Amino acid sequence: MESLTIYLAGEVHSDWRQQLRDLVQQRGVKANFVGPQEGHDRSDSVGEDILGAQPNARFRDLVGAGANTLRTRVLMRRADMTVAFFGDKYKQWNTAADAGASVAAGIPLLLVRSADHVHALKELDAMATFTVETLEQAAEAIAYIFE
């Protein structure tokens, strides 16, 4: 194995993905990172962009979620592993859904969550292949695959 494809599940409001990309690259690991649409406005509007205007916000969200789920399933199933990042600031429902989908599909899950989230994520933690508390630890775990 010369490189990995890693699906990055988590909120799209902070720069955690770029931080992890940089940390993995610093360790000399060749990886292709994929994940959800990082443009928040594009993610919200994609359903209407494809299907046209919807009658209300509920249907706008539903058709957007359908397009985003298509993207997630295709990219995740092509990935060698999933990294699910649970930060401190944003609600993490999508991250939990993606992490569960990864486990259900048999894709190894690297869970990144702080000690503050141990109780809230205990069931997901039990299903993860490996759990760490920082992005630095996640990068080390990814690099370990190539030792």
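General observations
- Matching residues, the range 28-37, being among the small types (Gly, Ala, Ser) and surrounded by fewer than 16 Cβ atoms within 10 Å (Cβ to Cβ): 28
- Subset of the range 39-50 [more than 15 Å from the chain's Cα centre (by Cα) and polar (S, T, N, Q)]: 45
- Of all residues in the range 29-77, those satisfying the criterion of being farther than 29 Å from residue 143 by Cβ and hydroxyl-bearing (Ser, Thr, Tyr) are 43, 45, 69.
- For the range 1-38, a residue qualifies if it is in a loop (DSSP other than H, G, I, E, B) and over 14 Å from the mean Cα position of the chain (by Cα), and the qualifying residues are 1, 2, 3, 27, 28, 29, 30.
This table checks each residue for (1) in contact with a Ser or Thr (Cβ under 9 Å, 6 or more places away or on another chain); (2) among the β-branched types (Val, Ile, Thr); (3) touching a residue at least 40 places away in the same chain (Cβ under 8 Å).
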site	(1), (2), (3)
64	yes, no, no
99	yes, no, yes
102	yes, no, yes
126	no, no, no
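- Failed item in (1) at pLDDT below 95; (2) in a helix (DSSP H, G or I); (3) surrounded by 16 or more Cβ atoms within 10 Å (Cβ to Cβ), with residue 47 passing the rest: (1)
- Pairs are defined by a Cβ separation below 9 Å, a sequence spacing of at least 6 or placement on different chains, a first member in the range 26-44 that is among the basic types (Lys, Arg), and a second member that is surrounded by fewer than 11 Cβ atoms within 10 Å (Cβ to Cβ); the pairs so defined are 30/2.
- Residue count for the range 8-27, restricted to those that are modelled with pLDDT of 95 or more and open to solvent by 50 Å² or more (accessible area, probe 1.4 Å): 7.
- Qualifying residue in the range 74-81 (condition: in contact with a strand residue (DSSP E or B) (Cβ under 7 Å, 6 or more places away or on another chain) and among the basic types (Lys, Arg)): yes
The values are calculated or read from the model by the stated rules, or taken from the named source; none is laboratory data. Note that this is a predicted model, so its numbers are computed, not measured. As a convention, Cβ positions derive from the backbone with ideal geometry for all residues, glycine included, and neighbour counts pool all protein chains shown. Just so you know, the surface numbers come from the protein's heavy atoms only, side chains and all, with ligands and any DNA or RNA stripped out. Shrake-Rupley method; radii C 1.70, N 1.55, O 1.52, S 1.80 Å.
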